[in-house]
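The values are calculated or read from the model by the stated rules, or taken from the named source; none is laboratory data. Because the structure is predicted, anything quoted here is derived from the model rather than measured. Reconstructed Cβ throughout: ideal geometry from the backbone, glycine too, with neighbour counts over all protein chains shown.
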Amino acid sequence: MSETKPSRMKIEFSTFGIAMIPLMIGINIVSSYLAASTPVWADTLGSMLAGIIIGPINGLVVGLLTNVFKWVTFDPFALPYAIVNAAVGLIAGACALMGAVKRETSASQVGKILAVGVVLAVVATLTSTPLNVTLYGGSTGKPWVDAIFAGFMAGGWQVFPASMAAEFISDIADKIITFFIAWLIYTKVPAQFVKTVKR
Amino acid sequence: MSVRLLYVPKTSVVHRLDPRTKAFVWVASAIPAIASQSILVSLAMFLLTLAVATVGKVSRQYLRNILTVVVPVFVPIFLIQGLFNPAGKTPVLYLLPWLYFRREGIVFAAVLMARLLAIFGGAYLLTLTTKPGDLMASMQKLGLPLRVAYPLFSALQIVPTIEARLQLVKEAQMSRGLRLQKVGIVQKLRNFIPLLTPLLLGAIEEAYRRSIALEARGFSSKIKKTFLHELKFSVSDLTFIVSTILSVLALTTFATLITPSPNPWSL
């Protein structure tokens with residue numbers, strides 16, 4: 001291998017990067033199982049980790065293919081939301097690339113992680129609200145979120161703002177917690193492993 | 001809760017068909033279902049895929065998948081569309097003075113359900129009777145780059161193994177004293193770390209091994225690749241495609257004809 005740094009696409013679409021994709025899809029799927037009966041979805045954990053460990057484009061592909069996979073196997077509603085999952089993987093990876101995700105556990109680092117969580121919640125809300133509104137009349141499929149949505153509707157809000165507000169309330173919890181978990185897991189990955197990836 | 005291993009190994013006419021033929025059956029039956037507003041057309045397309053699944057000896061698994069995957073989502077569709085669809089005007093059934101089922105919403109829900117049946121029926125027909133490897137090879141023949149085809153189709157095999165590995169990690173951590181049952185939400189979220197960290201490390205290791213195995217088979221080589229099992233269109237594929245086109249046309253026409261006019265299911 002030459003001394004120059006390999007290009008972004010070379011890293012993300014190395015054979016190793018490609019081989020990681022189906023495994024991270026699996027992590028996305030099992031983490032959403034683990035999150036059953038908690039208020040979070042956690043179905044983007046694998047996309048976030050792929051974004052952090054390998055890179056934004058890889059995170060995007062993991063997010064996209066996770067929902068395609070869910071769609072063909074067990075969740076008929078997952079396909080349109082591929083955009084949301086892909087956007088989360090992309091932005092998580094981009095934030096990591098800009099140096100917001102370090103392996104140290106300091107107070108400022110925790111602050112950065114929470115900030116990225118908020119950014120991801122905004123991204124997820126902006127991408128999923130139009131889908132919720134056009135496909136399912138604004139409902140999200142998670143009972144407690146739909147209850148908030150119904151509450152806003154009863155308060156005289158229009159469908160779009162009501163759906164967006166309910167979605168944001170749920171996403172801000174989901175994305176901050178999920179990204180925090182992703183970062184904690186990342187800090188536990190031995191440095192040797194990460195070097196192997198970034199080579 | 002777990003992802004079903006989809007492929008059912010059996011010997012039948014449908015199993016022997018080229019995956020592209022089955023993909024064609026799926027697309028050909030999904031198009032009228034999506035394009036038409038008539039429930040009858042969608043149901044006819046669903047019955048067509050069911051008939052092909054019966055010929056392929058997978059009707060039991062087909063119906064089980066439809067019942068366990070597609071039918072459960074009917075409940076929220078019906079409730080949400082019936083109660084809250086903005087097009088809804090005519091009250092049908094009052095639950096509360098301000099909460100009632102509306103005719104237009106129920107109609108929309110019914111059209112959506114029939115469509116889902118047709119679309120998922122075709123998808124299950126394809127995945128139940130086709131080996132994931134053959135599916136991947138056929139998609140490559142249709143021009144999907146290997147770098148996209150590999151992650152998608154290998155996920156069909158890898159995800160069940162990851163689920164099995166999660167079970168192992170759970171048992172291992174429980175033997176070290178991790179509490180998994182009857183815990184609150186906070187502990188549940190904390191459990192992510194001890195459960196998923198080993199899974200991720202294993203995944204990185206496995207990806208490393210797999211990348212070596214892939215490279216040993218010339219994954220990133222630019223040379224045109226050959227296949228272990230060469231897929232070929234046979235006479236039975238051609239017969240199947242022609243009869244699919246004919247039956248889709250016949251069923252669509254018939255279902256459209258017997259749909260009362262004005263169509264009570266149009267929006």
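Looking only at residues in the stretch A:126-144 that are more than 11 Å from every other protein chain (Cβ to nearest Cβ) and buried (at least 22 other Cβ atoms within 10 Å of the Cβ), which one is farthest from A:PRO56 (Cα to Cα)?
A:THR129
Based on this model, can you work out whether A:MET20 counts as at the interface with chain B (Cβ under 9 Å from one of its Cβ atoms) and modelled with pLDDT of 95 or more? So that I can check it myself, show each step before the final result.
Working: at the interface with chain B (Cβ under 9 Å from one of its Cβ atoms): yes; modelled with pLDDT of 95 or more: no.
Against the criterion (at the interface with chain B (Cβ under 9 Å from one of its Cβ atoms) and modelled with pLDDT of 95 or more), A:MET20 does not qualify.
Can you report the number of residues in the stretch A:45-67 which are more than 11 Å from every other protein chain (Cβ to nearest Cβ) and closer than 19 Å to A:LEU135 by Cβ?
2
Condition check: surrounded by 17 or more Cβ atoms within 10 Å (Cβ to Cβ), out of contact with any Phe, Trp or Tyr (no Cβ under 6 Å at 6 or more places or on another chain), of a type in the set (A, V, I, L, M, F, W, C) and in the same structural domain as B:VAL25 (by TED's automatic domain parsing). Does B:PHE240 satisfy that?
For B:PHE240, the condition - surrounded by 17 or more Cβ atoms within 10 Å (Cβ to Cβ), out of contact with any Phe, Trp or Tyr (no Cβ under 6 Å at 6 or more places or on another chain), of a type in the set (A, V, I, L, M, F, W, C) and in the same structural domain as B:VAL25 (by TED's automatic domain parsing) - is met.
Only one of (1) under 29 Å from the mean Cα position of the chain (by Cα); (2) within 30 Å of B:LEU200 (Cα to Cα); (3) of a type in the set (A, V, I, L, M) fails for B:VAL73. Which number is that?
(2)
Take A:SER139 and tell me if it is assigned to a helix (DSSP H, G or I), at pLDDT below 95, over 22 Å from A:PHE16 (Cα atoms) and not acidic (Asp, Glu).
no
For the structure I just gave you, tell me whether B:THR130 is more than 22 Å from A:ILE21 (Cα to Cα) and among the hydroxyl-bearing types (Ser, Thr, Tyr).
yes
Condition first: among the β-branched types (Val, Ile, Thr) and facing another protein chain (nearest Cβ under 8 Å). Now tell me which residues in the stretch A:68-95 satisfy that. Before you say what the answer is, go through the steps one by one.
Narrowing the stretch A:68-95 to residues among the β-branched types (Val, Ile, Thr): A:68, A:72-73, A:83-84, A:88, A:91.
Passing the criteria: A:VAL68, A:VAL72, A:THR73.
Is there any pair with a first residue in the stretch A:148-160 that is closer than 16 Å to B:LEU99 by Cα and a second that is in a loop (DSSP other than H, G, I, E, B) and basic (Lys, Arg) whose Cβ atoms are under 9 Å apart and which are 6 or more apart or on different chains, and what are they?
none
Of everything in the stretch B:141-177 that's among the small types (Gly, Ala, Ser) and facing chain A (nearest Cβ under 9 Å), which residue is surrounded by the fewest Cβ atoms within 10 Å (Cβ to Cβ)? Let's see the steps before the verdict.
So in the stretch B:141-177, the residues among the small types (Gly, Ala, Ser) come out as B:143, B:149, B:154-155, B:164, B:172, B:175, B:177.
Next, from what is left, pick out any that are facing chain A (nearest Cβ under 9 Å): B:154-155.
Details: B:SER154: 21, B:ALA155: 27.
Filtering first and then ranking leaves B:SER154.
Please work out which one of (1) more than 8 Å from chain A (Cβ to nearest Cβ); (2) buried (at least 21 other Cβ atoms within 10 Å of the Cβ); (3) within 30 Å of A:TRP183 (Cα to Cα); (4) small (Gly, Ala, Ser) is the condition B:GLY121 fails and give its number.
It fails just one condition, (3).
Across the stretch B:53-87, what is the total count of residues that are touching a helix residue (DSSP H, G or I) at 6+ places or on another chain (Cβ under 6 Å) and under 27 Å from B:ILE258 (Cβ atoms)?
Residues flagged as touching a helix residue (DSSP H, G or I) at 6+ places or on another chain (Cβ under 6 Å) and under 27 Å from B:ILE258 (Cβ atoms) within the stretch B:53-87 amount to 12.
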